[in-house]
Amino acid sequence: MSDKRFVYADNAATTSVHPEVLAEMIPYLSEFYGNPSSLYSKGQVVKERLDSARERIAAILGCDAREIYFTSCGSESDNWAIKGAVEAYLAKNKTDKCHVITTKIEHHAVLNTCKALEKKGIDVTYLPVDKYGRVSPEDVEKNLRDDTAIVAIMYANNEIGTIEPIEEIAKVLEGKKTLFFTDAVQAVGHIPVDVKKLGVDMLSLSGHKFRAPKGVGALYIRKGVTIKNLVDGGGQENNKRGGTENIASIMGLAKALEIANEEMQDDNARLAVLRDDLIRRLSEIPESILTGHPTKRLPGTASFVFKYIEGESLLLMLDAEGISASTGSACSSKSLEPSHVLLSIGLPHEIAHGSLRLTLSHETTQEDVDYIVEKVTDVVKRLRAFSPICPKELK
Ligand SMILES: *Cc1c(COP(=O)(O)O)cnc(C)c1O
């Protein structure tokens, strides 16, 4: 038995703020407190910094600074892209009906936005995914209608780490007036993201998923695309998103993206080795199933289901061993319903309950992986020993 360690393996839920990101932010919480909308120099200097942050982010995403809009989080960006596109469509076409295509495995920020639109009479198609969680571009094509205002498909799934064929879907939509939006909150800062190469019209990101603070995000809106505002107010963000800019967090967002971009190649090579070791060794537990795509997955994500156990019990017992993990989604951890993602990849209810998501970071070491393997193997065995539904030969 190894000595107790503390292993944070829930980086898809949130990450720690990078020390250099914090250092970048502090002057904007003390010295540079001017309002960027003010005309005097104390405000103007902040305005310059704001513009530079926008440029630094645009340079990494491969777009123009004027195509980046700061928001309060990934959820706001998702809401804005979809509701804004639908409302713009309705106004332009003088109608109260239109169509949205999304998938069954989106984050709740997208799914519940679509549900809210359905209550207002908008048709929504929730595309199925294959057993690995991949959407088929042909399915997008088949379901397109003349009145499809927007297609919203995530870049990488937050529960199982599967990376979606965004470029291929963009090809299907090329030349059509339907907008293409991707929730790239799990992708930005983790895998290379170039908006032009992807061919999307809009893309959302969130700072706290890549070592910037919580409460800051952005939406890329391609030049020439017009959507309705979600937050009306002053003239901030080119009149498209009211609210005095969260300058400290925006500066942190730019810094975090630069660091992630610089370190991505090395980090990912190292992470993939640890992830694959974790996957190989946890797959040796009897009646365990890797969830998500075997190769087209985020570098730091290992996700499983173990038959005959409850994910919640597994989490609590791992927590007692010093391991922070997740059943898949922070948002569904308060409900007893199994994850919509795991049901969508075809797992039956009783099996989907036994899920575990481990998401690694720059900090994760081989010793951490060894410790996780030892503890998960042991805890699964202990839980199965008490399980009335677990066959005897597994106990
Ligand atoms: C975390 C997450 C969000 C929400 O971002 P917040 O900044 O926490 O609002 C949206 N989509 C995906 C895929 C996520 O992982």
Can you tell me how segment 1-127 classifies by the Cα gyration tensor, rounded, prolate or oblate, using a/c under 1.5 as the rounded cut?
oblate
Using only Cα atoms and rounding to the nearest 10 degrees, what angle (0 to 90) does helix 311-320 make with the longest principal axis of the chain?
80 degrees
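As a test of the formula, what do you get for the chain when each DSSP H run with n ≥ 4 contributes -39,500 (n - 2.57) and the sum is divided by the residue count, at 222 nm and rounded to the nearest 500 deg cm²/dmol?
Working: 13 runs with 158 residues, N = 395.
For the chain, the value works out to -12500 deg cm²/dmol.
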So what's the gap between the Cα centers of segment 114-151 and segment 251-306, to the nearest angstrom?
28 Å
Tilt relative to the chain, helix 247-282 - C-alpha long axis, 0 to 90 degrees, to 10:
20 degrees
Counting only protein heavy atoms and rolling a 1.4 Å probe, one gets per residue an accessible area for segment 150-192 in Å² of 28 Å²
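Could you tell me the relative contact order of segment 297-395? Use alpha-carbon pairs under 8 Å, at least six residues apart, and round to a whole percent.
40 percent
Would you mind classifying segment 273-395 by shape? Square roots of the alpha carbon gyration tensor eigenvalues, ordered a ≥ b ≥ c; an a/c under 1.5 is rounded, otherwise it is prolate if a/b is larger than b/c and oblate if not. The partial results should precede the final answer.
Values: a/c = 1.45, a/b = 1.18, b/c = 1.23.
In terms of gyration-tensor shape, rounded.
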Relative to the longest principal axis of the C-alpha atoms of the chain, give the angle of the C-alpha long axis of helix 41-61, reported between 0 and 90° and rounded to the nearest 10°.
50 degrees
Cα gyration tensor shape for the chain, rounded if a/c is under 1.5, else prolate or oblate:
oblate
Across Lys142/Lys176; Lys97/Lys209; Lys92/Lys176, pairs whose alpha-carbon gap is larger than 24 Å:
Lys97/Lys209
Value of relative contact order over segment 51-152, rounded to a whole percent, pairs C-alpha under 8 Å and six or more apart
28 percent
How far is the Cα center of segment 360-395 from the Cα center of segment 169-201, in Å?
37 Å
Magnitude of the Cβ-charge dipole (Lys and Arg +1, Asp and Glu -1) of the chain about the Cα centre, nearest 20 debye, reported as 880 debye
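Could you give the accessible area per residue of segment 344-392, probe 1.4 Å, as a whole number in Å²?
On the way: 2180 Å² over 49 residues.
Result: 44 Å² of accessible area for each residue.
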Under the definition of Cα pairs under 8 Å and six or more residues apart, what whole-number percent is the relative contact order of segment 148-226?
26 percent
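The values are calculated or read from the model by the stated rules, or taken from the named source; none is laboratory data. The structure displayed is predicted, hence computed values, not measured ones. Ideal geometry is used to build each Cβ from the backbone, glycine not excepted, and the neighbour counts take in all protein chains shown. In case anyone asks, the SASA skips ligands and DNA or RNA and just uses the protein heavy atoms, side chains included. Shrake-Rupley method; radii C 1.70, N 1.55, O 1.52, S 1.80 Å.
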